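The values are calculated or read from the model by the stated rules, or taken from the named source; none is laboratory data. This is a predicted model, so every value here is computed, not measured. FYI the Cβ positions are ideal-geometry reconstructions off the backbone, even for glycines, and counts take in every protein chain you see.
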Amino acid sequence: MSQHSSLQEHRLILQLLDERRELAGALLRESEALAEADNGVGIYEASEPSVAGELAICCDSELRLLELRELHLQQTERALERLREGSYGVCRSCGEPIGSRRLEALPVASLCLRCQMTSETVGVLSA
């Protein structure tokens with residue numbers, strides 16, 4: 001491995017570790033806030049049904065956001081694992097290298113662009 005690619009890998013590891021730290025912190029803060037909001041729904045259910053309904057909708061949106069952040073954290077963990085294994089940057093579907101521009105834009109990518117598009121097309125067709 002060249003010194004340049006070693007430096008790039010080091011930067012990538014630091015970027016992914018920083019992203020993991022930020023996501024974990026955000027998940028903790030948001031889950032605590034969601035728990036507090038959920039308690040608020042119970043308080044308003046009997047006396048103010050419309051307020052309780054609005055809070056419930058808000059909680060549902062926040063829960064979905066929390067799930068997306070958790071998914072991104074899992075993807076970040078898997079990217080770090082692939083780095084440790086030496087398989088980072090290799091498409092898990094076809095085994096070809098993932099383009100450097102794709103990895104720069106989406107460091108957690110585990111599929112090359114072609115396989116990602118195929119996966120999304122198959123997912124749309126099977127839905």
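Of these, C58, C94, which one is modelled with pLDDT of 95 or more and either in the same structural domain as L34 (by TED's automatic domain parsing) or outside any helix (DSSP H, G or I) (or both)? Reasoning before the result, please.
Details: C58 fails: modelled with pLDDT of 95 or more.
The unique qualifying residue is C94.
Filter the range 8-32 down to the residues that are charged (D, E, K, R) and in contact with a Leu (Cβ under 6 Å, 6 or more places away or on another chain) and list them by number. Please lay out each step first, then the result.
The initial filter retains those residues of the range 8-32 that are charged (D, E, K, R), namely 9, 11, 18-22, 29-30, 32.
Across the range 8-32, the qualifying residue is only E30.
Can you name every residue in the range 97-112 that is under 14 Å from the mean Cα position of the chain (by Cα) and either in the same structural domain as R78 (by TED's automatic domain parsing) or of a type in the set (K, R) (or both)?
none
Going by the structure shown, is T76 out of contact with any Asp or Glu (no Cβ under 6 Å at 6 or more places or on another chain) and in a helix (DSSP H, G or I)? Before the answer, list the steps.
Details: out of contact with any Asp or Glu (no Cβ under 6 Å at 6 or more places or on another chain): no; in a helix (DSSP H, G or I): yes.
No; evaluated as a whole, the condition is false for this residue.
Look through the range 97-127, keep the residues that are in a loop (DSSP other than H, G, I, E, B) and not aliphatic (A, V, I, L, M), and return whichever of them is surrounded by the most Cβ atoms within 10 Å (Cβ to Cβ). Please lay out each step first, then the result.
At the first step, the residues of the range 97-127 found to be in a loop (DSSP other than H, G, I, E, B) are 98-99, 106-112, 127.
Add one more test, that the residue is not aliphatic (A, V, I, L, M), and what stays is 99, 107, 110, 112.
Values: G99: 15, P107: 19, S110: 19, C112: 22.
By that ranking, first place goes to C112.
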